[in-house]
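Please read the structure below before turning to the comments.
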Amino acid sequence: MIGKVGSLLALAALCGAAIQAAPGVAIAKSRLLVDGRPLVIRAVGYQNDGVAPCLYARDLPLIAASGANTVRTLAAVPAGDRHLPAILESTGLYWLADFPLDSYHDPAEPILAQRTRILTDFREYVLRLQGSSRLIAIVFGSGVASDYGLKFDGTPDDFYALAADASRILHETGSRALLTTAVEDPAELARTVPGLDFWSLDTTGRPPLDSALKAATLPLLVSSFGGGEREENAQAAAAAETAAAIAARPALLGGVWHTFASAGPGGLVRRTPGAQEGFDDLQPRTTFYRLAAVWGGTYPSGWAEVEAPKLERVENETAASAGALVRIAGTSLMPQGAPYRDESWPFSLGATCVCVGSVPARLSALSPNLLTVQIPTGTEPGERSVVFYRAGRASNTLPVRIRISADTFAGPILDAD
């Protein structure tokens, strides 16, 4: 279980006091501790806005394969989305959850004029995330202080006062998450903001690490150290250099690569249209391999495969109802060798997953030519498309007719969340 240690702990850390960490998340002597053990954040920014829940099962295992230990979701997670926390749990990734303020921007009035609405929404969001054991911190606002007059009337002091209110809400609700905000100007790091546990510095390219550390009044996480629109090889070299520089500075909490997938030159992987709209193929960029070399990552089997996975038929389609198990035959579903089996029924086995409609299906077993999946509970009767992913590469779509009740039943019902 992850826990929060409040402002007094952060203050004591700045003063260099030795603090005995309780189980959960804490900052002591400017180091992040998770369950009493130091954690240097190696994160990937994940643009989750509008992402179908199934794609978490496609993407998060690939993020973990890069050697990352944390995901930063750049959009608020919708109410009722229980798949992301479950897949974070199964991949072992920690979580930085953004609470963006873009939807509240109004340059005609101060941000404090919307104080009640923002804090009410923030409280609801905090309560929504309470069940996640992987949550490290909430990022309250991102880059709000930059070009402030285009977003709100007044000065950034109003925003930082609101951040202090947000910190109080974390304490009032018993949340064990830490609180940070992301700034783009290193000069902002010199501020003293009650309630913040650490700073996040969003930059592009090579951030001024040493000068930023000297200016920071709180422990510092470096974020968004992508290479902008630079050529891919130059961007990969800059990413690896920056990641290594961050790892060499114990005073930093770590860094976040921004972002995971992109149609342009940014991102760890590139997207190309798949067989079904919205379910793209992913291919690793040079940056993925360069960061994986620094972070101690691996390369999922299948990325070197020439033949794409193919689904052929549902072998026991008469059993296809919500909660029932079905066997799907295909080719190139995994490399030749021993099949995967997992009694915990995860949403991904290795770097493979199955989408039924837009929802991830739990997997029981996987071999090169056969997989066993559970139709997600709550799936409505009717025809649905099934897509299989192997290391980010999409199969063809296979139609399956979901029935009201199953004629046969092959195993236990597991809730989709």
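The table below lists the values:
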item	result
Among Q114, Q374, Q235, residue whose mean-square fluctuation peaks in a GNM of the chain (springs only between Cα atoms under 10 Å)	Q114
Compactness of the chain as Cα Rg over 2.2 N^0.38 Å, two decimals	1.03
Residue of P107, P300, P399 that the Gaussian network model of the chain assigns the largest fluctuation, springs spanning Cα pairs under 10 Å	P107
Taking N as its residue count, the alpha carbon Rg of region 203-299 over 2.2 N^0.38 Å	1.18
Computed E for H171/K214 - FRET, C-beta separation, R0 30 angstrom, nearest 0.05	0.50
Cβ-defined net charge surrounding T242, 15 Å radius [Lys, Arg +1; Asp, Glu -1]	+2
0 to 90° range, to nearest 10: angle between helix 286-295 axis and the chain longest Cα axis	70 degrees
Gaussian network model of the chain, Cα within-10 Å springs - most flexible of A308, A351, A57	A308
Tilt relative to the chain, helix 156-172 - C-alpha long axis, 0 to 90 degrees, to 10	60 degrees
For the chain, calculated [θ]222 nm from helices alone, where every DSSP H run of n ≥ 4 adds -39500 (n - 2.57)	-7000 deg cm²/dmol
Tensor-based shape of region 31-105 (alpha-carbon gyration tensor, a/c under 1.5 rounded, otherwise prolate or oblate)	oblate
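Every number here is computed from the coordinates shown, using simple stated rules; none is lab data. Everything numeric here is computed off the predicted structure, so don't read it as measured data. Here Cβ is always computed from backbone atoms with ideal geometry, including for glycine, and neighbour counts include all displayed protein chains.
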